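Everything on this sheet refers to the single structure shown next.
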Amino acid sequence: MTAFRSLARAQLLGWSRDRAAVFFTVLFPLLFLLLFGSLFKGASAPHITLLQNGPVVLFDSMTPDQRAQLNEEVTLVRDDDQADALEKVRNGDDDGLVSQGPDGRLVLRYSVADATRAATVQGVVNGIVQQANQDASHAPPTYVLQASQVEDLSTKPIQYLTPGLLGWAIATSGTFTAALTLVVWRKKFILRRLRLAPVRLPAVVAAPVAVTLLVALLQTAVFLGVATLPYYGLKLTGQWWIALPLVLSGSLAFMSIGLLVGSWAKTEQTATAAAQLIVLPMAFLSGSFFPLDSAPGWLKTISTVLPLHHLSTAMQNVLTRGGGWGDALPTIGGLLLFTAVLTLLAVRLFRWDDA
Amino acid sequence: MTAAIAAEGLRKRYGDVQAVDGVDLEVKSGEFFGVLGPNGAGKTTTLEILEGLRKPDEGSARVLGLSPWPRNSALLPRIGVQLQASAFFERLTAREQIVTFGSLYGVGAARADAMLARVGLADSAGTAAEKLSGGQGQRLAIACALVHDPELLFLDEPTTGLDPQARRNLWDLLREINAEGRTVVLTTHYLDEAEILCDRVAVMDHGRILKTDPPATLVRELDAPTRLTVESGRLTADRARELLAGSGTRADVADDGVTLTIATRTPAPVLALLAEQDALRGLEVRGATLEDVFLQLTGREYRA
């Protein structure tokens with residue numbers, strides 16, 4: 001027990017004094033969260049700017065009420081220089097140009113450079129025209145469409161960014177810590193020194209594992225603390241704390257990957273490169289940075305075998321979608337099984353020293 | 001008195017290389033024992049077998065009466081192994097290192113502090129191990145090996161890379177450690193170190209021990225000529241040869257323009273002759289050293 005305590009203490013002291021390690025395991029993923037969280041903030045429907053060239057009766061005859069309603073979706077700007085206005089639409093400064101022909105026909109010019117905006121600007125202008133025709137007929141509409149999105153109205157990018165980026169942060173720190181600790185301890189003969197001391201192997205293994213788990217919990221606390229700030233507006237649902245056992249089992253799973261890398265790699269450089277080659281593509285393929293909803297099917301198939309995908313999904317379920325143990329337990333079980341298999345493999349590859 | 005180490009017929013092969021090829025070794029309790037040999041002679045492998053880090057292919061070893069393989073937790077607390085000076089946890093101070101290693105043996109912080117003071121590192125206790133000088137690093141490594149008060153201490157090239165002052169400083173410490181009754185086994189690149197420190201020396205090459213004896217005995221048995229050197233100019237080489245031949249003394253004479261060197265097995269008449277000729281200026285008399293023994297035993301230059 002003393003051996004475990006003092007080794008864990010040595011590991012924790014060493015980690016906390018390593019500014020690069022602290023930065024890359026805690027602050028770096030947090031910066032991603034801050035950045036993405038701000039970038040995608042309120043990124044629901046894009047706001048449209050529309051240029052009006054010459055008089056357009058439809059717009060000019062609007063009541064102040066109608067005008068105010070229009071302004072929620074569209075900023076309307078008068079620009080009577082047609083060439084200049086077209087250029088602005090062409091290079092993407094504005095989204096559409098509306099003019100009225102002598103026969104009363106409305107002409108809308110838009111750019112397809114941004115498909116979403118092109119569709120939005122057509123929809124908005126078409127809606128205004130339909131509404132005006134409807135009003136002109138003085139008859140009640142036969143069919144009425146009421147559209148609403150399936151997600152809770154509070155769903156924002158932060159709701160999937162937080163579990164995704166937190167999963168990535170835990171994967172990075174677990175893999176790198178385990179791989180580098182093993183390689184450095186072997187290269188610096190610390191493994192040899194421990195082997196020459198009357199300590200039991202479990203204590204030697206448990207110390208860095210315990211420290212990494214502690215760091216994972218710290219990462220979780222920092223992430224959730226920042227994301228729930230009013231500015232980012234993450235709303236945690238009911239049993240969000242089930243994310244903690246998920247975080248711990250995820251951390252173990254990635255440590256087992258790191259252990260395998262560290263057992264195989266001879267130098268820190270090799271270990272770092274191998275760990276990065278595993279973690280970064282996995283993060284992209286698991287949808288840590290952006291959702292995979294629009295990804296091709298084969299890519300989604302790959303992601304179903306990646307532990308990080310399951311970790312992020314389960315965390316998203318319990319953190320923001322009101323999920324409970326039913327969502328978490330299969331993932332925890334899977335991650336622990338994954339850990340057991342990889343650890344067994346690592347033990348077979350394990351070397352006390354390089355000779 | 002039982003032997004601290006008794007090994008018979010140790011053999012260890014790595015692939016095509018027979019690293020240790022039939023080593024018999026006996027180290028007495030309380031002895032300062034040196035293992036000398038060129039790089040690749042099998043010194044380190046032999047030590048690793050005795051420390052219990054490697055299993056010999058053949059042969060048996062008893063250390064303090066116990067078998068070092070498989071990992072023997074009854075033996076481990078009784079031996080200390082000094083590893084390279086860089087074998088420390090990263091970003092920990094000297095004191096944190098030794099307290100951590102001490103706790104692996106159930107040794108308290110007070111004993112760790114005392115050990116640090118003992119090797120003269122009390123003032124550097126708060127310094128990160130990476131920032132210690134080469135000599136301080138070696139001292140810390142030795143302190144870590146001694147923190148649990150072992151009976152037998154293994155040192156693998158402890159003074160490699162140290163400046164002359166740090167080396168001498170460390171020699172004093174090693175002598176003290178041995179004087180306390182601990183058995184010390186040392187491998188070294190330096191023949192002068194072995195000559196000064198060791199009670200007995202084993203000369204190794206090609207995985208075998210060529211000879212084991214006290215350094216003085218090894219040198220004496222070599223029966224090498226004594227070399228007398230004086231300043232050139234007082235006496236020419238030809239004149240010296242003439243005079244030596246005249247008095248019936250066998251000697252080789254050489255003069256490189258700076259120094260006149262006379263090598264002989266009977267130095268007394270040569271000295272008398274040089275005195276007669278008033279040619280004693282800058283006189284130095286040098287007997288054979290362990291280096292000469294080494295050259296003769298291994299038949300090659302020492303590859304330090």
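The values are calculated or read from the model by the stated rules, or taken from the named source; none is laboratory data. Worth saying up front: this structure is predicted, and the values here are computed from it rather than measured. A quick note on method: Cβ atoms are made from the backbone with ideal geometry, for glycine too, and the neighbour counts reach across all protein chains shown.
Among the numbered conditions (1) over 15 Å from A:P245 (Cβ atoms); (2) free of Cβ contacts under 8 Å to residues at least 40 places away in the same chain; (3) exposed (fewer than 15 other Cβ atoms within 10 Å of the Cβ); (4) not hydrophobic (A, V, I, L, M, F, W, C), the only one that A:P330 does not meet is (1).
Take the conditions in the same structural domain as B:L25 (by TED's automatic domain parsing) and either part of a loop (DSSP other than H, G, I, E, B) or within 23 Å of B:D24 (Cβ to Cβ) (or both) and apply them to B:L297. Does it pass? Answer is no for this residue.
With the condition kept exactly as written, say whether any residue in the range B:126-133 is among the charged types (D, E, K, R), surrounded by fewer than 18 Cβ atoms within 10 Å (Cβ to Cβ) and within 11 Å of chain A (Cβ to nearest Cβ). Can you show your working first?
Applying the first criterion (among the charged types (D, E, K, R)) to the range B:126-133 yields B:130-131.
Subsequent filtering for residues that are surrounded by fewer than 18 Cβ atoms within 10 Å (Cβ to Cβ) retains B:130-131.
Then drop every residue that is not within 11 Å of chain A (Cβ to nearest Cβ), which leaves B:130.
Yes, some residue in the range B:126-133 is among the charged types (D, E, K, R), surrounded by fewer than 18 Cβ atoms within 10 Å (Cβ to Cβ) and within 11 Å of chain A (Cβ to nearest Cβ).
Got a number for residues in the range B:98-115 being facing another protein chain (nearest Cβ under 8 Å) and either in contact with a strand residue (DSSP E or B) (Cβ under 9 Å, 6 or more places away or on another chain) or farther than 13 Å from A:A197 by Cβ (or both)?
Within the range B:98-115, the first condition is being facing another protein chain (nearest Cβ under 8 Å), and the residues that meet it are B:99-101, B:103-106.
From what is left, the residues that are either in contact with a strand residue (DSSP E or B) (Cβ under 9 Å, 6 or more places away or on another chain) or farther than 13 Å from A:A197 by Cβ (or both) are B:99.
Qualifying residue count for the region: 1.
Evaluated against (1) in contact with a Lys or Arg (Cβ under 6 Å, 6 or more places away or on another chain); (2) among the hydrophobic types (A, V, I, L, M, F, W, C); (3) more than 9 Å from chain A (Cβ to nearest Cβ), B:A87 falls short on exactly one condition, (3).
Working only within the range B:87-97, note down all residues that are polar (S, T, N, Q) and either at pLDDT below 90 or over 17 Å from A:A197 (Cα atoms) (or both). Give the steps one after another, and end with the answer.
We begin by selecting, within the range B:87-97, every residue polar (S, T, N, Q); these are B:93, B:97.
B:T93 - this is the single residue of the range B:87-97 that is polar (S, T, N, Q) and either at pLDDT below 90 or over 17 Å from A:A197 (Cα atoms) (or both).
Answer yes or no: is there a residue in the range A:278-285 that is within 14 Å of chain B (Cβ to nearest Cβ) and surrounded by fewer than 17 Cβ atoms within 10 Å (Cβ to Cβ).
Of the range A:278-285, the ones within 14 Å of chain B (Cβ to nearest Cβ) are none.
Scanning the range A:278-285 turns up no residue that is within 14 Å of chain B (Cβ to nearest Cβ) and surrounded by fewer than 17 Cβ atoms within 10 Å (Cβ to Cβ).
Screening the range A:8-20 for residues that are of a type outside the set (F, W, Y) and more than 7 Å from chain B (Cβ to nearest Cβ) and picking the one that is nearest to B:A87 (Cα to Cα) gives A:Q11. The set of residues from the range B:13-52 being farther than 22 Å from B:H189 by Cα and within 14 Å of chain A (Cβ to nearest Cβ) comprises B:R13, B:Y14, B:G15, B:G52.
The sole residue among B:T2, B:T45 that is farther than 21 Å from B:L174 by Cα and within 23 Å of the chain's Cα centre (by Cα) is B:T45.
Is it the case, given these coordinates, that A:V183 is at pLDDT below 90 and over 28 Å from the mean Cα position of the chain (by Cα)? The answer is no for A:V183.
Within the range A:256-272, identify whether any single residue is out of contact with any Phe, Trp or Tyr (no Cβ under 6 Å at 6 or more places or on another chain), of a type in the set (S, T, N, Q) and closer than 22 Å to A:L33 by Cβ, and answer yes or no. I'd like the intermediate steps shown before the answer.
Here is the first cut: in the range A:256-272, the ones out of contact with any Phe, Trp or Tyr (no Cβ under 6 Å at 6 or more places or on another chain) are A:256-262, A:264-272.
Next cut, of a type in the set (S, T, N, Q) only: A:256, A:267, A:269-270, A:272.
Restricting the remaining residues to those that are closer than 22 Å to A:L33 by Cβ gives none.
Within the range A:256-272, none of the residues are out of contact with any Phe, Trp or Tyr (no Cβ under 6 Å at 6 or more places or on another chain), of a type in the set (S, T, N, Q) and closer than 22 Å to A:L33 by Cβ.
Taking the conditions exactly as written (of a type in the set (K, R), more than 16 Å from the chain's Cα centre (by Cα) and within 22 Å of B:T298 (Cβ to Cβ)), does B:K28 satisfy them or not? No.
Evaluation of A:V22 against the conditions (1) outside any strand (DSSP E or B); (2) surrounded by 13 or more Cβ atoms within 10 Å (Cβ to Cβ); (3) more than 25 Å from the chain's Cα centre (by Cα) shows that the sole unmet condition is (3). Residue count for the range A:66-107 under the criterion of being among the β-branched types (V, I, T) and assigned to a loop (DSSP other than H, G, I, E, B): the result is 0. Looking at the range B:202-276, the helices (runs of 4 or more DSSP H) lying wholly inside it that each contain 1 or more residues that are within 29 Å of B:A41 (Cα to Cα) sit at B:215-222.
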